[in-house]
Every structure is written in C-alpha cells, then in structure tokens.
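Asker: Before we start, here is the structure in question, set down as structure tokens.
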There are 2 protein chains.
Amino acid sequence: MNTSSFITNIKKTVNLNEEEEKYIESVFVPLRVKQGEFVEHSGEITRYFIYVQSGCLMTYFTDRDAFDHVAQFATAGWWTGDLHSITKGVPSIYSTRALADSEVLLLPKNSQEELLNKYPQMERYFRILYQNALVTHLHRIIQGHAAAADERYISFREKYPSLEQYVPLKYIASYLGITPEFLSKIRRRLMENR
Amino acid sequence: MNTSSFITNIKKTVNLNEEEEKYIESVFVPLRVKQGEFVEHSGEITRYFIYVQSGCLMTYFTDRDAFDHVAQFATAGWWTGDLHSITKGVPSIYSTRALADSEVLLLPKNSQEELLNKYPQMERYFRILYQNALVTHLHRIIQGHAAAADERYISFREKYPSLEQYVPLKYIASYLGITPEFLSKIRRRLMENR
DNA sequence: ACTATTTCTTAACCTAGTTCAAGATACTTT
DNA sequence: AAAGTATCTTGAACTAGGTTAAGAAATAGT
C-alpha cells in the first residue's frame, strides 16, 4: 500500500520538500481493515490519528441503553478517531469501525508530536484541518436546531453524495439524529412528492 | 484597558519571550461594548477574531423565520466569531452581540496571518485552541442526539456555572435546542423533585 | 442455489417537545 | 414611584418524531 495519496492531501494545504515527504511517509503505519472490523474500541485510550486512504469508516458513541450514535463518517482523504482520548490520554467514548473494506494510515501519537515539532508546516496543516472541521461541526449543531429532519437529510445527501454507496440508511439516520423508521417515512414522502 | 490577561492565556499553552509578547499585544485592537451592542453582524464579512477579556458575548444564527439559534457563548478567556467567514472571506451567517458590558480584543485577519507566519508558537496555540473546541463541539452534537433536554440542561449548568449570571434563560434554551417554555417546564420539574 | 442475518419499510400507537395565548416577574427608564 | 419593556412561567391543544412489532427486501455465508 503506498502513502502518496496522503502526501498529495497535505500538499493541498502546505508545501513539503523531498526530505520532509520521505520522513512523513515513514512514520505512518498502513493498515487494511475488512468491513465490520474495528480500528479503535471505546473504553481504550486512542493511540493513533486515523487517516482513510480508501473505503469508509464510521466513528460512533454507544449510550447507556446500548444505542449507537454516529459522530462522523470518513471516506478517502478524511481523518477520524477520538481527538480527546488521544490528546489527553483518557479512555475513548467512541469506537471506529470499517463500513467497507478500507485502507487506513495510522499516525501514532508520538509521531504526530514529532512531526509537529520538526516541521512547522505540519502544525499549520493540522491547524487548518481542525479549523475547517470546526466550521463543519458548528454548522451541524445549528442545523440540528434550526432545520427539520427532512431538510437535514436532503442537505446531507447534497453534501456527501459519495457516502450513499457505503453507508446503510440506519447509520445516516443516526448521524442525522433520527430513527431509521422515521428516515424511512421521510424518504417515502420525498419519493411521493415528485 | 490592558491586554495582559490575553498573554497569560496564551502562555498556558505555549511559551513567549518578551519581544514576542510585546508584538502580540501590539496587534490587538481593544474595544468596549455595552450590553446589547453588536460586535459582528450577519451578512457582513467577518474581519476580526474576537477574544473576550471580560463580560459575555453570544454568537447566534437567525433562521428564515427570524428565530435566533445560539451557536456559542463566550466569557472571559474565550474566543468567538465566525471562523468560516473570516477565513474564506464570505459573508457571515452569524451575529455576535454583548450580553453584558464587555471588554474584547479584536485580532484583525491580517494580523493573525502575520502572527502565524512570524511565530510558530502562535500556529501551535491556535491548533490547540481549535483542537479543544472540536472536542467540545462533537460532544455537543452527540449529546444533542443521545440525551434528553433535561439532561442537557443539567450538564450545561454543571459545565458552565458562571454563565448563569449573564445569560437569560431563553438563550440557554436556544443553546440547548429547545424553546424557553419547555425549559421552564424542565426547571419546574427539577425544583419539585428535591 | 439455500438459508440466515441484517437492513429497510409500514402501520398503529405513544411522548417529548412545540405553539399559542395569557399572566406573573423582573429590569429599565424617566 | 410609575410605567414600559423584556423575561419567565403556566396550561391547553398540537405535531414532529419515537416505539413497538411485523413483514419485505436485500446481503452474506455455506
């Protein structure tokens, strides 16, 4: 498995010379996961930042009634994992699992720290990554309050059309904060009205 | 108005020498706002990162039915504003207003860029700031899906006890994603059960 | 191809949270 | 202190979305 797609991704944000590329590539741990397999388990301390090369992962929270709540999906070019657990060294409340056979690159916590110390561009890369994620998250919060479920579903489909091929509807429902049954109703209404 | 509280805040995360402190202090624009006054208006391109020295601000989104939805509160030591608008140069969908007489420090977009280029520590400071905010935001999303309104209210009070002095209940309701009337009912139930 | 398991849908009934409208408490301003 | 404005509460009627349970359709395993 080669890591060049990741380097390409970084270079969209910051510049890297040959030596930097080499080093960065060297610290990632490539991993293949089959559909259904876990990359991280809740309850354990997260050790890796997870970058998706291909396939699709989901990160989710399981509540005390054993209901799963999808925090985020991640397809090629996305990062996922539990930032809180890895940075603070506390057990994670999220699990990360493959929704399809996937190739991921694991960046161990220590290696990330090294990268940040060694290459200021990497500090910038992550700053911008987090900055963009923050905008998206806040938008999701507000839309959760301001828009009805059907609107949220419609904009989800517009925003992430590629996810439909990987993600079962029940997880999309979970991501949107509704039940699969209600999503079914919404989908039917949308079909009937056109 | 002095800016030293801000420097103290940065120094909790990264180190600064005398020269750096001086320069950083020099690029901030201090501003006093009275209760009810706006710091940023939706529809305009955000020009400043907003740091709160004292008092309390709220940033909110107004939907097409003219309902306000509180995105976040900010008291002393917090940043607020619309990251999307300022970084992408697009009109903001959020407004920021003072809930009490407040002292804020405005960091113009250009000055932030300069700081980031000049001092790698500042890149790190913002990376960590965003990283922490991301954790909080994701938690808020998940709690919005996994917890009922009364639980969300209780954990809000535990997490931000200091906000109760500044923030009218109707805005707390908005932040939690419920109506003021329903928050009233929740509060009553909580009173009766003890 | 056959079976088992998971996912998706439907329908009847239920509830957390909303809407509307009115009254009660605060908080300002003069 | 009075009057005006904004906030908070209450209650009755309502609705978006949840629950339960069962069947249909798709996937996966053998």
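Where a number appears in this text, it was derived from the coordinates with a stated rule and is not lab data. Since we're looking at a predicted model, the values are computed, not measured. Note: ideal-geometry Cβ built from the backbone for every residue, glycine included; neighbour counts use all protein chains shown.
Asker: Residues that are among the small types (Gly, Ala, Ser) and more than 15 Å from DNA strand C (Cβ to nearest atom): which helices (runs of 4 or more DSSP H) entirely in segment A:78-194 hold 1 or more of them?
Answerer: Qualifying helices (runs of 4 or more DSSP H): A:83-88, A:109-118, A:120-146, A:149-159.
Asker: Among the residues of segment A:39-72, what is the count of those that are out of contact with any Ser or Thr (no Cβ under 8 Å at 6 or more places or on another chain) and over 22 Å from A:Val29 (Cβ atoms)?
Answerer: 5
Asker: Any idea which of A:Val52, A:Val90, A:Val70 is touching a Gly at 6+ places or on another chain (Cβ under 8 Å) and under 25 Å from B:Leu129 (Cα atoms)?
Answerer: Exactly one residue qualifies, and that residue is A:Val52.
Asker: I've got another one for you. Taking segment A:27-62 as the region of interest, how many residues are out of contact with any Lys or Arg (no Cβ under 7 Å at 6 or more places or on another chain), surrounded by 15 or more Cβ atoms within 10 Å (Cβ to Cβ) and in a loop (DSSP other than H, G, I, E, B)?
Answerer: Result for segment A:27-62: 4.
Asker: I'm checking my understanding of the structure. Among residues of segment B:152-181 that are near DNA strand D (Cβ under 8 Å from one of its atoms) and more than 20 Å from the chain's Cα centre (by Cα), which one is farthest from the other protein chains (Cβ to nearest Cβ)?
Answerer: B:Glu181
Asker: Out of the residues in segment A:56-83 that are more than 9 Å from every other protein chain (Cβ to nearest Cβ) and small (Gly, Ala, Ser), which is nearest to A:Glu44 (Cα to Cα)?
Answerer: A:Gly81
Asker: If you take the residues of segment A:112-149 that are more than 17 Å from A:Gly81 (Cβ to Cβ) and of a type in the set (S, T, N, Q), which of them is nearest to the other protein chains (Cβ to nearest Cβ)?
Answerer: A:Gln131
Asker: Here's a check for you: in segment A:158-185, which residue that is of a type in the set (Gly, Ala, Ser) and free of Cβ contacts under 8 Å to residues at least 24 places away in the same chain is nearest to A:Asp68 (Cα to Cα)? Spell out how you get there, then give the answer.
Answerer: Of all residues in segment A:158-185, those of a type in the set (Gly, Ala, Ser) come to A:162, A:173-174, A:177, A:184.
Filter once more, keeping what is free of Cβ contacts under 8 Å to residues at least 24 places away in the same chain: A:173, A:184.
Details: A:Ala173: 11, A:Ser184: 18 Å.
Checking each candidate, the answer is A:Ala173.
Asker: A further question follows. Starting from segment B:141-154, take each residue that is more than 16 Å from B:Ile172 (Cβ to Cβ) and list its partners that are more than 9 Å from DNA strand C (Cβ to nearest atom) and not in a helix (DSSP H, G or I), counting only C-beta distances under 6 angstrom and pairs at least six apart or across chains.
Answerer: B:Ile142/A:Phe61; B:Ile142/A:His69; B:Ile142/A:Ala71; B:His145/A:His69; B:His145/A:Gly177; B:Ala146/A:Asp63; B:Ala146/A:His69
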